[in-house]
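Q: Got a structure for you, questions after.
The values are calculated or read from the model by the stated rules, or taken from the named source; none is laboratory data. Being a predicted model, the structure only gives us computed values, none of them experimental. All Cβ positions, glycine included, derive from the backbone under ideal geometry; neighbour counts span all protein chains shown.
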Amino acid sequence: MIDVALTVNGRAMTVSVEPRTLLVEVLREKLRLTGTHVGCDTSQCGACTVHLDGLSVKACTMLAVQAEGRSVTTIEGVAPDGVLHPMQAAFREHHGLQCGFCTPGMVMSALALVERNKNKPLTEEIIRSELEGNMCRCTGYAGIVASIAAGAKAMGAKVEG
Amino acid sequence: MYAFDYQRAKSVADAAAAFEKADDAAFLAGGQTLIPTLKQRLRQPSVVIDLGTLTELKGISVTQEAVIIGAGMTHAEVAASPEVAKAIPGLADLAAHIGDPQVRNRGTLGGSIANNDPAADYPGAVVALGATVHTSTRELSGEDFFTGMFETALAPGELVVKVSFPIPRRAAYAKFRNPASRYAIVGVMIAETASGIRVAVTGAGPGVFRVPEMEGALSQNFSIAAIRNIRIPADDLNADIHATAEYRAHLIGVMAERAISAIA
Ligand SMILES: Cc1cc2nc3c(=O)[nH]c(=O)nc-3n(C[C@H](O)[C@H](O)[C@H](O)COP(=O)(O)OP(=O)(O)OC[C@H]3O[C@@H](n4cnc5c(N)ncnc54)[C@H](O)[C@@H]3O)c2cc1C
Ligand code: FES
Ligand code: FES
C-alpha cells in the first residue's frame, strides 16, 4: 500500500491505496463521494469527470497515486453548503438532465469549459465541441447546451447567441 | 487490472535506471492509453514508473529554427501555448483536436509518439515537419523513430525526452476523425519546410507514411489542382468497421485538399 497525500474538495488528507487503485475508486469507495459516477470505465463517457488542480480529467483514467500533492474537486465540492451552484441550478431550470447519470460529469466539464474560455465570448459551437468527452444517453444534448449557456451567464461569463 | 508496484521517477536517469532493474517495467505519462490497456489486462508490468512529475520532460522553447516541446507536455498545454500557435499554428491546431478536453488535459506528446497508434495525430506532425525526436540516449528522425504499427525504435528503458519541430514556412493538418474517439480515420499534414514540401498521412495505414507523388506535384505548383488526379492505392491501407481501405485511400486526397486550402 502507498500513502497518497492530496486535497479533496478543500480538505487535505492522506489515503492509503494499492498502486492499481483508480482515483475514482478512492473518491467513491473510500471517501464515499458517490456523486462522481462510473459510466463506461473505458475513458469514453466522462461521467467520472472531476477537476485536478482546476482542469477536467476522467477519474477512471487516473491512478490515485498520480494525485499525490494535487487538489481534486468533485461535484460535491461544487455546492459545499447544499445550495446549488448557478451551473447546477441552470441544469435544473433548462432541462439539462433526465436520468441524471451523466450530470455530475457534465457539470464538471461545463465549469471547466467556462473557465477555459473566460477570455472570449462563449458560443454554442464552443460548448458543443468542448463537451466531446461527455456522453448523455437521454437528453439529446440540446437541454445540456442550453443549460451550460445559461449557467455560464449566471456565473458572469459572456455568452453569444 | 493486475497488481503492480509503483515508482515515481525523480529524473530521466532515475527512470531509465529503475526500468533497467525491473523485470518488466512500464513508463506512465498521462495514462490515457496505458491505464485503459492495464484495465483490459493487455499488459501486466511488474512495476509502473511514473514520469508525471519530471520537470525535465516539461517546457516549450522556441528558437529561430525550431519549436522544442518536452515529452511530458500535455496536448492541452501545446494547444494553448501562444508560442506554438505563433510559430507553427498547424501544430497547435493538431493538438487542440486530439480526443476531448479531459484526454488533452492528461495525454502527452511523449506518450502519444511512444505508443505510435496508427490512428494517432502527432506522428503526422513529426514526419511532415521533419522533426527530431530526442530520447534519453540519442536523436532520431520521425522516419527512423516510427517503425511499424504500435512500434517505435525505442529500446527497452529508453525515454522520449523532447521533440524538436523545425518551423516550416507554412503547414496545416486536416483530419477526418472517428466521431466517437476523435482518432484519425485519415489525417494529412502538409508542410512547406526548408527541405521542401512534405506530406505525411496518419490513420490510413499501419503507420505514418509520406506521399512522394503529392510532394513532387506540390513542389511544382502548391494548389489543389496539382494533386487532384493523384490516386493512392488502397492495397496496404487499414480496413475496419469504421472505413474500408478504398474509402481511406479516397480520404487521403480529400484531407490533403483541405490542408492545402488552409494554407495556399
Ligand atoms: C477517449 C480517448 C480519445 C483519444 N483520442 C485521440 C485522438 O484523437 N488522437 C490521438 O492522437 N490520440 C488520442 N488518444 C490517445 C491520447 O492522445 C493519449 O494521450 C496518448 O496516446 C498517450 O499519451 P499518454 O501521455 O496518456 O501516455 P501513457 O498512456 O501514459 O503511455 C502510453 C505509452 O507510451 C509510453 N510512454 C509514455 N511516455 C513516454 C516517454 N516519455 N518515453 C517513452 N515511453 C513513454 C508508456 O510506457 C506507454 O507504453 C485518445 C485517448 C482517449 C482515452
Ligand atoms: S467512467 Fe470514466 S470516462 Fe466513462
Ligand atoms: S441524463 Fe441520462 S445519461 Fe444524461
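Q: I'd like the full set of residues that are β-branched (Val, Ile, Thr) and either part of a helix (DSSP H, G or I) or under 13 Å from the mean Cα position of the chain (by Cα) (or both), limited to region B:61-93.
A: B:Ile69, B:Thr74, B:Val78, B:Val84
Q: Check A:Glu125 against each of (1) part of a helix (DSSP H, G or I); (2) touching a Phe, Trp or Tyr at 6+ places or on another chain (Cβ under 9 Å); (3) within 22 Å of A:Val145 (Cβ to Cβ) and name the one condition it does not meet.
A: That leaves (2) as the condition not met.
Table: residues versus (1) in a loop (DSSP other than H, G, I, E, B); (2) assigned by TED's automatic domain parsing to the domain that holds B:Ala17; (3) of a type in the set (Val, Ile, Thr).
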{"site": "B:Val127", "(1), (2), (3)": "no, no, yes"}
{"site": "B:Thr137", "(1), (2), (3)": "yes, no, yes"}
{"site": "B:Glu158", "(1), (2), (3)": "yes, no, no"}
{"site": "B:Ser164", "(1), (2), (3)": "no, no, no"}
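Q: Looking at (1) in a loop (DSSP other than H, G, I, E, B); (2) more than 14 Å from ligand 2 (Cβ to nearest atom); (3) under 13 Å from A:Ser109 (Cα atoms); (4) not aliphatic (A, V, I, L, M), which is the only condition A:Gly82 fails?
A: For A:Gly82, the exception is condition (3).
Q: Also, I was wondering about something else. Taking only region A:9-66 into account, find how many residues are β-branched (Val, Ile, Thr), more than 12 Å from ligand 2 (Cβ to nearest atom) and part of a helix (DSSP H, G or I).
A: 2
Q: What pairs come out if I take residues in region A:58-85 that are of a type outside the set (Asp, Glu) and pair them with residues that are modelled with pLDDT under 95 whose C-beta lies under 9 Å away, six or more apart or interchain?
A: Going by the 9 Å Cβ cut-off, the qualifying pairs are A:His85/A:Ala79.
Q: With the requirement that a residue be over 19 Å from A:Val4 (Cβ atoms) and more than 8 Å from chain B (Cβ to nearest Cβ), what does region A:55-75 give you?
A: Selection gives A:Ile75 alone.
Q: From the list B:Ala17, B:Ala13, B:Ala87, B:Ala71, exactly one residue is buried (at least 18 other Cβ atoms within 10 Å of the Cβ), away from ligand 1 (no atom under 13 Å from the Cβ), more than 14 Å from chain A (Cβ to nearest Cβ) and at pLDDT 95 or above. Which is it?
A: Answer to the selection: B:Ala87.
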